[in-house]
1. So, in Å, what gap is there between the alpha-carbon centers of region 550-583 and region 276-354?
2. Sum -39500 (n - 2.57) across every DSSP H segment of at least 4 residues in the chain, then divide by the residue count to get the 222 nm mean residue ellipticity, nearest 500.
3. DSSP loop trypsin sites (Lys or Arg not before Pro) in region 420-488 with at most 16 other Cβ atoms within 10 Å of their Cβ, which ones?
4. Compare Arg290, Arg551 by solvent-accessible area with a 1.4 Å probe and give them largest first, with all protein chains kept in place.
5. Using a Debye calculation, one point per C-alpha and no hydration shell, please list log10 I(q)/I(0) for region 216-365 at q = 0.13, 0.17, 0.18 Å⁻¹ in order.
6. Across bins of 10 angstrom width beginning at 0, how are the C-alpha pair distances of the chain distributed, in whole percent?
7. So how far apart, in nm, are the two label points at Lys532 and Leu356 if each is 7 Å from Cα heading toward Cβ?
8. Taking only the alpha carbons of region 115-182, what extent do you get along each of the three principal axes, in Å, biggest first?
Amino acid sequence: MAVVDERLYPIAVLIDELKNEDIQLRLNSIRRLSTIARALGEERTRKELIPFLSENNDDDDEVLLAMAEELGVFIPYVGGVEHANILLPPLETLCTVEETCVRDKAVDSLCKIGGQMREKDLVEYFIPLVKRLAAGEWFTARVSSCGLFHIAYTSAPETLKTELRTTYSQLCQDDMPMVRRSAASNLGKFAGTVEAVHLKADIMSIFEDLTQDDQDSVRLLAVEGFAALGKLLEPQDCVAHILPVIVNFSQDKSWRVRYMVANQLYELCEAVGPEATRSDLVPAYVRLLRDNEAEVRIAAAGKVTKFCRIVNPELAIQQILPFVKELSTDSSQHVRSALASVIMGMAQDATIEQLLPIFLSLLKDEFPDVRLNIISKLDQVNEVIGIDMLSQSLLPAIVELAEDRHWRVRLAIIEYIPLLASQLGVEFFDDKLGSLCMQWLNDKVYSIRDAAANNVKRLAEEFGPEWAMQHIVPQVLEMISNPHYLYRMTILHAISLLAPVLGSELTCSRLVPVIVTASKDRVPNIKFNVAKVLQSIIPIVDQSVVEKTIRPCLLELSEDPDVDVRSFASQALQSSEQVMMSR
């Protein structure tokens, strides 16, 4: 369909499209609901459009998802918050459909609407909706209800609050695992609205029920809630009720539960206090670092810096660092990779002598991602260890990555070259890495050549135009005579990137003659790229150079036999005229 201004789009057509057999037309119409509502006015939207949507809920999931999203921002179109309750029926129906993403979006929209509703309307309309869903015969309704309790609870009178807590407790013991999973994942939000007096009595008993569930998918979602609950409880209550569960979970028979504990454990340290952390959480964390499952060790290794920053530095060095050393030679490359990405964060706690062997071991790792993760943190490394101690090990790792047979590895190391340059300094860079940067401009893979051209520009910015003229520009310009036209195109791209960094004078004296010579190339692709490069440098160079050199070159290209060359040359000529007029 042609794109038409929404304000002029016929409303009758939009409403007809809601009933059309073509799903794309129905989807377009749903996405323009706000246009329909504005045209109908608030009263007709309430009396005609919303009831129509309530009935029109037997549609494709994609259409229902769009409807659920639109209704979440529909309060202004029905007359403001005093009429917000009119939006609840269609969303209530969407909360019961089978497709999870539709239900989730409907719950999200109900939360948005409920958060704006007046207190009396929440009691009259929203809380009954939550209760109906929670008592729904089909599990989908009960799953959706779990995400609404935290909105309903805050405005409920005391008698209804008791009923809502009881209902939530029943959902946590539902026969369907999907309902219990939803209750477990939303427990933290609900607990945040419950009064402190009921937190220990009701919410903690719910939490304990979920942690003893026979389904590991429920237990691991309960783990997600323990950090939120820990922040709500007093430290002594946290130690009494949550700590034993977490210590037990760190030895759970399901690796997925242990994985969740490894991800979340550091968040509990502050809640339970230093004494319980030392006596219970550190041993639990060490167990996770030595877990049989690689996935658990990956999660634990990725959190080692955060955990060590929370505990006492002496404790970290004595009890955690020895196992971090073990992980640096772990049988799983992914564990070593996770460790390499965070290891430098331990520098605040450990000494150079303790970290250097781990660091060097990871820098010599056979797996490229491990070495890349270390090199990506080189600025932290330099602060802690100093580049002199690393240069002997660092250079072979960089060279090996730069020549790796997998092009994605080569691409990744190129991204870090400017960081390396800034940390290693100009002398080390010139001696060791300069030739690599030129080598990449002739790589067989286009993505590498493109990244190399951008890398040359970033190096010129780092070390300055004078350095670039001495060490980069001569070598780059030599490559313009490469026999293969694809490599010549890369050099043209590099020249266009270097020109703004070098400035007007150097561009005119060194780059423009090379570009003009390239305009005589026999390959049309080179010639139209010359036109594009000349267009990009026109704002940089002097007007006299544009008149005497660039425009004659473009005029010649504008008469080229190739249609693409003529087109790009004409565009560049128009651009040059606009630039000259604006000066």
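The values are calculated or read from the model by the stated rules, or taken from the named source; none is laboratory data. These numbers come from a predicted model, not from an experiment. We place every Cβ from the backbone using ideal geometry, glycine too, and count neighbours over all the protein chains shown. All accessible areas refer to the heavy atoms of the entire protein, side chains included, with ligands and DNA or RNA removed. Shrake-Rupley method; radii C 1.70, N 1.55, O 1.52, S 1.80 Å.
1. 61 Å
2. Estimated from H runs of four or more residues: -19500 deg cm²/dmol.
3. Here the sparse-neighbourhood loop sites are Lys444.
4. Largest accessible area first, the list is Arg290, Arg551.
5. Evaluating at q = 0.13, 0.17, 0.18 Å⁻¹ gives log10 I(q)/I(0) of -0.55, -0.91, -1.00.
6. 3, 13, 15, 13, 16, 19, 14, 5, 0
7. Result for the modelled spin labels: 5.0 nm.
8. 34, 19, 17
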